[in-house]
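Take a look at the structure set out below.
The values are calculated or read from the model by the stated rules, or taken from the named source; none is laboratory data. Because the structure is a prediction, the values reported are computed rather than measured. With ideal geometry, Cβ positions are generated from the backbone for all residues, glycine too; neighbour counts draw on all protein chains shown. The accessibility values were calculated without ligands, DNA or RNA, using every heavy atom of the protein model including side chains. Shrake-Rupley method; radii C 1.70, N 1.55, O 1.52, S 1.80 Å.
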Amino acid sequence: MRVLLVEDHQPLVKALRQGLEEEGFAVDVATDGEEADVKCRSTSYDVVVLDVMLPKVDGLTLLKRWRGSGINTHVLMLTAKTTTNDKVTGLDAGADDYLPKPFEMDELFARLRALIRRGHQQKDPVLRCYDLEIDTAARAVRRSGRSVQLTPREYALLEFLAFHRGKVVTRSMIWEHLYDEYDENTSNVVDVYIRYLRNKVDKGFDPPLILTRWGEGYMLRGDDDPPPLKV
């Protein structure tokens with residue numbers, strides 16, 4: 001999933017970006033409010049991690065602008081402003097969650113995963129498709145009770161397909177949500193990772209779950225998918 005990290009304290013930016021990437025997130029960074037505004041309006045993020053005290057435009061003003069213009073991306077405010085009044089102000093401005101500094105990284109990751117599930121109307125942390133189970137909290141995958149070992153990029157792709165189960169996702173949608181602005185891969189890398197996933201998730205199992213809609217994109221099999229879909 002793709003995250004916009006809005007934070008101006010460089011040591012924290014470095015630590016957060018590294019931690020988020022190790023958790024499988026694609027991370028873009030903005031170090032002031034103006035840069036964050038441009039990026040949030042031009043890219044479809046799954047969640048924004050937003051500091052309050054920022055250069056140029058503060059986080060609260062930024063959040064109110066986004067909500068006023070119809071931007072509904074989930075926002076987690078991450079700030080040193082820790083009083084109850086600060087939290088109320090942030091939530092009333094349109095934040096979906098509020099985490100005071102200092103914080104534990106594991107709690108941040110859990111809150112981000114919860115916001116992403118909420119964005120897909122998914123309360124259960126375990127996503128299921130036939131005999132496939134994806135534990136989004138443990139980042140573990142099993143099929144027919146057997147563990148499937150995936151790389152972070154493979155897992156991110158499978159999770160994205162699972163959140164859109166039964167619906168076609170285009171290559172551009174996958175690219176926009178799984179690759180950050182610094183990634184130098186070309187767009188055909190999506191096809192390569194689809195092939196990797198099929199070898200691990202579908203090979204030797206029935207039915208095949210990762211389907212191709214020719215000329216449109218890919219999808220994870222839904223309950224009512226017709227036989228003509230090719231794999």
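The phi torsions of segment 202-209, fed into the Karplus equation with coefficients 6.51, -1.76 and 1.60 and a -60° offset, translate into couplings of 9, 4, x, 10, 9, x, x, 9 Hz, rounded to whole numbers, with Gly and Pro shown as x.
Just the protein heavy atoms count here, and of the accessible area of the chain at 1.4 Å, carbon and sulfur take up 48 percent. Annotation for segment 138-183 versus segment 1-18: alpha-carbon center distance of 22 Å. Measuring max minus min along each principal axis, the C-alpha atoms of segment 1-124 give extents of 33, 32, 32 Å (largest first). Distance distribution P(r), segment 80-165, all Cα-Cα pairs, bin width 5 angstrom from 0: 3, 12, 20, 19, 15, 11, 8, 7, 4, 1 percent. Pairs of lysine residues in the chain that meet both criteria, 8 or more places apart or on different chains and Cα atoms under 17 Å apart, total 9. Put simply, the Cα atoms of the chain extend 55, 33, 31 Å along their principal axes, the longest span coming first. Secondary structure note: in the chain, about 50% of the DSSP beta bridges are antiparallel. Determine the distance separating the Cα centre of segment 47-91 from the Cα centre of segment 99-130; give it in Å without decimals. The two parts, judged by their Cα centres, are 19 Å apart. For segment 1-57, state the semi-axes of the equivalent ellipsoid (square roots of 5 times the eigenvalues of the alpha-carbon gyration tensor), sorted largest first and rounded to whole angstrom. Calculated on Cα positions only, the semi-axes equal 17, 15, 7 Å. Using the rule -39500 (n - 2.57) for each DSSP H run of four or more residues, divided by the residues of the chain, the 222 nm mean residue ellipticity is -11000 deg cm²/dmol.
For the peptides 29-35, 100-106, 207-213, the ranking by packing is 29-35, 207-213, 100-106, with the highest mean count of neighbouring Cβ atoms within 10 Å listed first. The mean accessible area for residues of the chain, using a 1.4 Å probe and ignoring ligands and nucleic acids, is 49 Å² per residue.
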